[in-house]
Amino acid sequence: MSSNDRRETNTPAQGTESAGQESVTISTGHTVELPVRLQATMLGATFAAPKGEVSALLPDRLEPIRATLTGDAAVTLLSVEYHAVDVPGLDPYDEFAVVVPASHTASSNVPYISAMLEATNGYVWAMPVTTAPAKAFGVDVWDYPKEVAAIDHADEGSVRETTVRVDGERFVSLAVDRPPTTAVRRDGRSYTQKDGELLEVPSEIDAEIGGWPFSDRVSVSFGTQHKAEPLESLDLGPRALGRIRLEGDLLFHASERV
């Protein structure tokens, strides 16, 4: 069954050419009213990676940001716990996102600063989640590339290590030392693709956010699961452009055709 088959026809967002609807009933029977609010804790890191290899992960019309003085692009790995989802009957779940910071518009990127400010804005390349309803929520509403996986956390002091297994095979392990946070409100965006068409998902953040640049208090390794291979080939290295932490609310709007 396609995403279009799963959607109910309701009122589209006003003022935009929207690929989503203001109200979407997903394949599990849950009804999602857009925009939808989620309460989350995120911990992750952004790494420099060769622009050519990173560009190959992106669909047409998206360009990776310039993350370093030498012209490298960036890849962000995020471990996410959703503590509450404003959808009746939809339980909390965990998620792991691989995001390629990128844009469809020509913009002036400032090396290193752009990598921190745009770390979570970009193309969602992979997004394992821990429950089937969470997968339906992301796929049916926004066409995010979600798949059900086992996501385990191990905490030691201020460091959290997250390990993701898909179909029993290890995809990735990521350990990050939590940076301090401060209250921030800002807009965000992510990109996904449906039937060859580029979609943008606007979002709003109202949270405690922290970042720490040029940090070696991270580690990442990839397993044998098939989606790990193109990421392992990026040779992300032992040092991150920045560590990322978020604790608070996210508001996701209907997707818009780019």
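Placing unit charges on C-beta atoms (Lys and Arg positive, Asp and Glu negative, everything else neutral), compute the dipole magnitude of the chain about its Cα centre in debye, rounded to 20. Before the final figure, lay out each step's value.
On the way: 22 positive and 39 negative charges, 101 e Å.
Here the chain has a charge dipole of around 480 debye.
Evaluate E = 1/(1 + (r/R0)^6) for Glu208 and Asp167, where r is the Cβ-Cβ distance and R0 equals 41 Å; express this FRET efficiency to the nearest 0.05.
Details: r = 35 Å, r/R0 = 0.85.
The value I calculate is 0.70.
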Area accessible to solvent at Ile205, 1.4 Å probe radius, in Å²: 20
On a 1.4 Å probe surface of the protein chains, which of Thr46, Thr131, Thr182 comes out largest in accessible area, and what is the full order? Thr182, Thr131, Thr46
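Percent relative contact order of the chain, based on C-alpha pairs within less than 8 angstrom and at least six residues apart?
On the way: 694 pairs, mean separation 57.1, N = 258.
Over the chain, the number comes to 22 percent.
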Work out how much length Arg61 to Ser23 would gain on full extension: take 0.36 nm times their residue separation and subtract the Cα-Cα distance, in nm to one decimal. 10.8 nm
For Cα extents along the principal axes in Å, with candidates (i) 60, 37, 31; (ii) 72, 44, 40; (iii) 48, 40, 38, the value calculated from the shown model is option (iii)
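Leu117: net charge of surrounding residues, Cβ under 13 Å, Lys/Arg +1, Asp/Glu -1, itself excluded? Intermediate values should be presented prior to the final figure.
Numbers: positive: Arg66, Arg186, Arg189; negative: Glu118, Asp187.
Overall, the nearby charge balance is +1.
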The chain: angle of helix 132-142 to the longest principal axis, Cα-based, in degrees nearest 10: 80
Exposure of Tyr112 as accessible area (Å², to 10), given a probe of 1.4 Å and all protein chains: 80
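Suppose a student asked you for the relative contact order of segment 135-218, using Cα pairs under 8 Å spaced at least 6 residues apart; what percent would you report? Let's see the in-between values first.
Working: 128 pairs, mean separation 18.7, N = 84.
Relative contact order of segment 135-218: 22 percent.
Of the listed pairs Lys51/Lys146; Lys51/Lys135; Lys146/Lys194, which have alpha-carbon separations greater than 19 Å here? Intermediate values should be presented prior to the final figure.
Numbers: Lys51/Lys146 25 Å; Lys51/Lys135 30 Å; Lys146/Lys194 13 Å.
In this structure, Lys51/Lys146; Lys51/Lys135 exceed 19 Å between Cα atoms.
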Thr31-Asp216 pseudo-label distance in nm [points 7 Å out on the Cα-to-Cβ vector]: 5.6
Relative contact order (%) - segment 84-233, alpha-carbon pairs under 8 angstrom, separation at least six: 18
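The values are calculated or read from the model by the stated rules, or taken from the named source; none is laboratory data. Everything quoted here is computed from the prediction, not taken from an experiment. Please note: Cβ atoms are built from the backbone with ideal geometry, for glycine as well, and neighbour counts cover all protein chains shown. Side chains are part of the model used for accessible areas, which takes the heavy atoms of the whole protein and leaves out ligands, DNA and RNA. Shrake-Rupley method; radii C 1.70, N 1.55, O 1.52, S 1.80 Å.
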